Each structure stands twice: as C-alpha cells, then as structure tokens.
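One structure is given here, and the rest of the page talks about it.
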Amino acid sequence: MEVRQVERISKALSDPSRILILKQLRQKEDCLYCHEIADFIDLTQPSISHHVKQLTDADLIVVEKEGRNVKYKLNSTILDEYVQFLNTLKV
C-alpha cells in the first residue's frame, strides 16, 4: 500500500461520524442505502454526503447505483491492507 493511500485513509478515519458509518456497514454485512445512514447518524444530508465522499475518496467504501437509489458497501480489501500496513509499524 502506498503512503499516499495510507494518508488518505488515516484522514478519512479521523472523524467519529465516518467511523460510525464504517461500523454500521460492517454490522450490516451487505450494504447501506443513503437514507439508512441518515437513520442512525444525526447529521444533515449535505454533511452525510461530505462524509461519504471522504470515505469513497479513501476507497474505504464502494458506491453502487441501484435505479434511483445509491447503496454503499465496505471495501474490506482496502481496509485489510490498511490494517496490515499499520501492523508493519509495530515494534
């Protein structure tokens, strides 16, 4: 994993709301729709969109269009690579 990607992921994970979104995606195990995110997080729609964009830009979530709806899936591969990178920093 490149250092640039590690930096993007680390910045994306620096916000509690984004971590909460990722936790919900992990618990759901399938996907979350945009309206479902609004159900468990007390933020306005523009704020939710901002957080989702940060997670998408860091490749932590994958966006899929399903008709008029948008669903989000956790990118477990990238998350696992990030954790493996962090493990290489341990002494």
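Specify the residue that is farthest from Q5 (Cα to Cα); the eligible residues are those in the range 66-78 that are under 14 Å from the mean Cα position of the chain (by Cα) and in contact (Cβ under 8 Å) with a residue 24 or more places away in the chain. Ranking the qualifying residues of the range 66-78, first place goes to K71. Among the residues of the range 37-52, what is the count of those that are farther than 12 Å from Y72 by Cβ and in a helix (DSSP H, G or I)? Number satisfying all stated conditions: 7. Do you know which residues across the range 1-36 are surrounded by fewer than 17 Cβ atoms within 10 Å (Cβ to Cβ), outside any helix (DSSP H, G or I) and out of contact with any strand residue (DSSP E or B) (no Cβ under 6 Å at 6 or more places or on another chain)? Passing the criteria: M1, E2, S14, D15, E29, D30.
Note on the range 37-65: among residues that are of a type in the set (D, E, K, R) and touching a residue at least 12 places away in the same chain (Cβ under 8 Å), the one that is surrounded by the most Cβ atoms within 10 Å (Cβ to Cβ) is D59. Of note, R18 does not satisfy the criterion of being modelled with pLDDT under 90, over 18 Å from L86 (Cα atoms) and of a type in the set (K, R).
The values are calculated or read from the model by the stated rules, or taken from the named source; none is laboratory data. These numbers come from a predicted model, not from an experiment. Here the Cβ is made from the backbone with ideal geometry for all residues, glycine too, and neighbour counts use every protein chain on show.
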